[in-house]
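Colleague: Mind having a look at this structure? Questions to follow.
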Amino acid sequence: MMFSPVERLIARRYLRPTKGEGFISLVAGFAFLGIALGVGTLIVVMAVMNGFRFELLSRVLGVNGHATVISQGPIIDYQPLVDRLGEAPGVELVFPYVEGQVMASANGAASGALVRGLRLEDLKQRPFIADHVLAGSLDRLEGENVAAVGVRMAQRMGLRVGSPLQLISPKGTATGIGMIPKVVTFTVGAVFEIGMYEYDNSFVYLSLADAQRYFQTGEGVTAIEVEVQHPDLVGDLRPGIDQLLPPGTQLLTWQQVNSHFFNALLVERNVMFLILTLIVLVAAFNIITGLTMLVRSKTRDIAVLRSMGATKGNILSIFLLAGTAIGLVGTGLGAVLGIAFAANIDAIRLFLERITGTELFAAEIRFLSQMPARIETGDVVSVVLMGLVLSLLATLYPSFRAAATDPVEALRHE
């Protein structure tokens, strides 16, 4: 084995608090707690940042698709184009839709809303909507002037299934006194919850036929969504899809539309990692301080051991073991606490909100209704390795100082 039983025994005894060395043990304890807190905090932060990116990405792509074919005006005779796109390599689903901005009004409350009209069979293939209907049914959209609204909008406007909802479009009818907005009353047929505040608060879904009549697009649609097998590789499929598009249309991928948003999340994640690494670094300096003080207090012991035949390598191993043990146990405890905290972070958040009576995670600010956490094995391994490496490096200087102690000089001064 790398370390002999005698070296492990002495290192273990040096780590125990003894009379007259309480302050040294206190410094070592702070180093242990610092390593544990630093590693645990890093794991939690990485898990939350990964969770934010995954949940936002999945909801954005689950609602908006992976790529969108757009045009300056309505896309007339869109079905042949839909069929061609559906047969393209790597394409799974194609959804034609009509979309427009409106003013939604009900029970004295009014706000802007985004209306999207899809065929019922296409809407049922969107799991973030079809699988999260809280009240009513999407089948009700087969009727005329029936709408599905998000749960946040329903709560804010006092809507429930069967309630009337007025949609006011700026594209109205031109008259002698000016443009008169188009006002149509729809009946709420379903209430859904996507889990992203922006969508639950402002999205209204109609049948494709109702949306075409309301926005006066005739038989055309305003855009066509494309879903591919691997969203991250949509850029590789773009040349083949572009060849299928008629003149006057263009393809926008989700990476183009949301690039600034997800790049900002990535930058924030990396910055948080660097900042929180300083906690582990400070704890590593505490290991240096604690071991240096331990070496000074054990100078006579080192001299006696050297006089009894211990080599410099034995002394080096003893103090390497003592310092590494602090980092190893602290890193292990921090990893366990960090994983446990990240796995139950939303339950902990709800518990703290009940105790403090304050809202710690506002959905309208952070987009999501729940605090997400996604524990990635690679992140945990990298954080644990970083804690172990920093702990090992912190033990090198005091250990070499201990090994370089001259037993004659040490005994003379002692």
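Colleague: Shape verdict for segment 122-267, please, from the Cα gyration tensor: rounded (a/c under 1.5), prolate (a/b greater than b/c) or oblate.
Modeller: Since a/c reaches 1.5 but b/c is at least a/b, the shape of segment 122-267 is classed as oblate.
Colleague: Which one of 240, 168, 146 has its Cα pushed farthest toward the positive end of the charge dipole of segment 92-251, where Lys and Arg give +1 and Asp and Glu give -1 at the Cβ?
Modeller: Value: 168.
Colleague: Dipole of segment 1-159, Cα-centred, from +1 at each Lys and Arg C-beta and -1 at each Asp and Glu C-beta, to the nearest 20 debye?
Modeller: Here segment 1-159 has a charge dipole of around 1260 debye.
Colleague: Follow-up. Sorting check: for 149-161, 52-64, which peptide has the highest mean count of neighbouring beta carbons within 10 Å, and how do the rest follow?
Modeller: Result, highest mean first: 149-161, 52-64.
Colleague: Sort segment 89-190 into rounded, prolate or oblate with this rule: let a ≥ b ≥ c be the square roots of the eigenvalues of the Cα gyration tensor; rounded if a/c is under 1.5, and if a/c is not under 1.5, prolate when a/b is larger than b/c, oblate otherwise.
Modeller: Since a/c reaches 1.5 but b/c is at least a/b, the shape of segment 89-190 is classed as oblate.
Colleague: For residue 263 and residue 343, what does the FRET efficiency come to when R0 = 30 Å and r is the distance between their Cβ atoms, rounded to the nearest 0.05?
Modeller: On the way: r = 28 Å, r/R0 = 0.93.
The pair residue 263/residue 343 has a calculated efficiency of 0.60.
Colleague: Calculate the spin-label point distance for residue 183 paired with residue 33, positioning each point 7 Å from the Cα along the beta-carbon direction, and give it in nanometres.
Modeller: Between residue 33 and residue 183, the simple spin-label model gives 6.5 nm.
Colleague: Another question, then. Ignoring ligands, DNA and RNA, please state the percent of accessible area on the chain from carbon and sulfur, probe 1.4 Å.
Modeller: C and S fraction of accessible area: 61 percent.
Colleague: Related question: Relative to the longest principal Cα axis of the chain, at what angle does helix 312-343 sit, 0 to 90 degrees, rounded to 10?
Modeller: For helix 312-343, the angle is close to 20 degrees.
Colleague: For segment 153-299, what is the accessible area per residue in Å² when the probe is 1.4 Å?
Modeller: 50
Colleague: Starting from the Cα of residue 229, step 7 Å toward the Cβ, then list every residue of segment 94-126 with an amide N under 17 Å from that point.
Modeller: Zone members listed by number: 94.
Colleague: Of the candidates 384, 146, 304, which one comes out as most mobile in a Gaussian network treatment of the chain with C-alpha springs shorter than 10 Å?
Modeller: 304
Colleague: Shifting gears a bit: If you take the Cα Rg of segment 92-133 and divide it by 2.2 N^0.38 Å, with N the number of residues, what do you get?
Modeller: Cα-based Rg divided by the globular estimate yields 1.45.
Colleague: Could you check the spin-label model distance between residue 110 and residue 277? Points 7 Å from the Cα along Cα→Cβ, value in nm.
Modeller: For residue 110 paired with residue 277, the spin-label model returns 5.4 nm.
Colleague: Treating only the Cβ of Lys, Arg, Asp and Glu as charged (+1, +1, -1, -1), what charge dipole size does the chain show about its Cα centre? Round to the nearest 20 debye.
Modeller: Taking the Cα centre of the chain as origin, the dipole is about 2120 debye.
Colleague: If you average the alpha carbon positions of segment 76-134 and of segment 263-322, how far apart do those two centres end up, in angstrom?
Modeller: Distance between centres, Cα-based: 59 Å.
Colleague: Mind checking the full-extension length gain between residue 122 and residue 160? Use 0.36 nm per residue of separation minus the Cα-Cα distance, one decimal, nm.
Modeller: Gain on stretching residue 122 to residue 160: 11.3 nm.
Colleague: Mean residue ellipticity at 222 nm from the helices of the chain, using -39,500 (n - 2.57) per DSSP H segment of n ≥ 4 over the full residue count, to the nearest 500 deg cm²/dmol?
Modeller: Theoretical 222 nm ellipticity from helices: -18000 deg cm²/dmol.
Colleague: Rounding to the nearest 20 debye, state how big the charge dipole of segment 214-358 is about its Cα centre with +1 on each Lys and Arg Cβ and -1 on each Asp and Glu Cβ.
Modeller: My answer is approximately 1540 debye.
Colleague: Still on this structure: Assuming R0 = 41 Å, what is the FRET efficiency of residue 103 and residue 392, from their Cβ-Cβ distance, to the nearest 0.05? Walk me through the numbers before you get to the answer.
Modeller: Details: r = 63 Å, r/R0 = 1.54.
Efficiency, from the Cβ-Cβ distance: 0.05.
Colleague: Hey, rough spin-label estimate for residue 377 and residue 353, points 7 angstrom out along Cα→Cβ, what's it come to in nanometres?
Modeller: Result for the modelled spin labels: 3.3 nm.
Colleague: While we're looking at this one, here's another question. If you compute Rg/Rh (Cα atoms, Kirkwood Rh) for the structure shown, which of (i) 0.94; (ii) 1.22; (iii) 0.97 do you land on?
Modeller: (ii)
The values are calculated or read from the model by the stated rules, or taken from the named source; none is laboratory data. Bear in mind that the values here come from a model prediction, so they are computed numbers and not experimental data. Glycine gets a Cβ as well: all are built from the backbone with ideal geometry, and neighbour counts include every protein chain shown. The area values use the complete protein model at the heavy-atom level, side chains included, leaving out ligands, DNA and RNA. Shrake-Rupley method; radii C 1.70, N 1.55, O 1.52, S 1.80 Å.
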